[in-house]
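Student: Quick one: structure below, then a few questions.
The values are calculated or read from the model by the stated rules, or taken from the named source; none is laboratory data. Nothing here was measured: the structure is a model prediction, and the numbers come from that model. When we count neighbours, we look across all protein chains shown, and the Cβ atoms used for this are built from the backbone with ideal geometry, even at glycine.
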Amino acid sequence: MKPIVAILMGSDSDAEALKPCGEVLRDFGIPFVARVLSAHRTPKETVAFVESSEKSGVRVFICAAGGAAHLAGVVAAHTELPVIGIPIETTSFKGMDSLLSTVQMPAGTPVATVAVGAGGVRNAAFMAARILALQNPALLNKLRDYKKKTINKVLKKEVSL
């Protein structure tokens, strides 16, 4: 199946942290492609990839970057499709630099930004699934089933203090 989600990362060092994103997409049967592209080191190639992906059927972009973290913004500047930004944790500022670079976008160029860390990585995939479910009833049902399982798992937990 042709990919309908593109996961872009600013560096191959981000690949390990992004594996849970791919796992969630696979669990929901969402085909995706993952690429290393940089807003600063490969700007022309990044734009060319966005434009060609749109034409080939990609419907959502997930972009992960650390530090200056401009990748999601560059992608959002070159598409009208949804862009989800994952700020990658950095050693200098614990990801706060990445978060602010990803979330602070000018009006008209939105980037839906998730949390720094593992939860944000998974939530990027869940957000992509929810966006795609707007046009896909089967996917919407999978999301509903997942939510029911999560509720049941929480309700079965017992704690003693």
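Student: Which of the residues belonging to the range 11-61 are assigned to a helix (DSSP H, G or I) and among the hydrophobic types (A, V, I, L, M, F, W, C)?
Tutor: 15, 17, 18, 21, 24, 25, 47, 48, 49, 50
Student: Sticking with this one: When you look at residue 125, is it in contact with a helix residue (DSSP H, G or I) (Cβ under 7 Å, 6 or more places away or on another chain) and at pLDDT 95 or above, yes or no?
Tutor: Yes.
Student: Would you confirm whether any residue within the range 114-123 is in contact with a Gly (Cβ under 9 Å, 6 or more places away or on another chain) and touching a residue at least 40 places away in the same chain (Cβ under 8 Å)?
Tutor: Looking through the range 114-123, none of the residues is in contact with a Gly (Cβ under 9 Å, 6 or more places away or on another chain) and touching a residue at least 40 places away in the same chain (Cβ under 8 Å).
Student: Specify which of the listed residues (79, 109, 102, 150) is closer than 23 Å to residue 51 by Cβ, among the hydroxyl-bearing types (Ser, Thr, Tyr) and either assigned to a helix (DSSP H, G or I) or at pLDDT below 95 (or both).
Tutor: 102
Student: Please specify each residue of the range 53-98 satisfying the condition of being without any contact (Cβ under 8 Å) to a residue 24 or more places away in the chain and closer than 14 Å to residue 115 by Cβ.
Tutor: Across the range 53-98, the qualifying residues are 94, 96.
Student: Name the single residue, out of those in the range 51-71 being crowded, with 24+ Cβ neighbours inside 10 Å, over 17 Å from residue 25 (Cβ atoms) and among the hydrophobic types (A, V, I, L, M, F, W, C), that is modelled with the lowest pLDDT.
Tutor: 69
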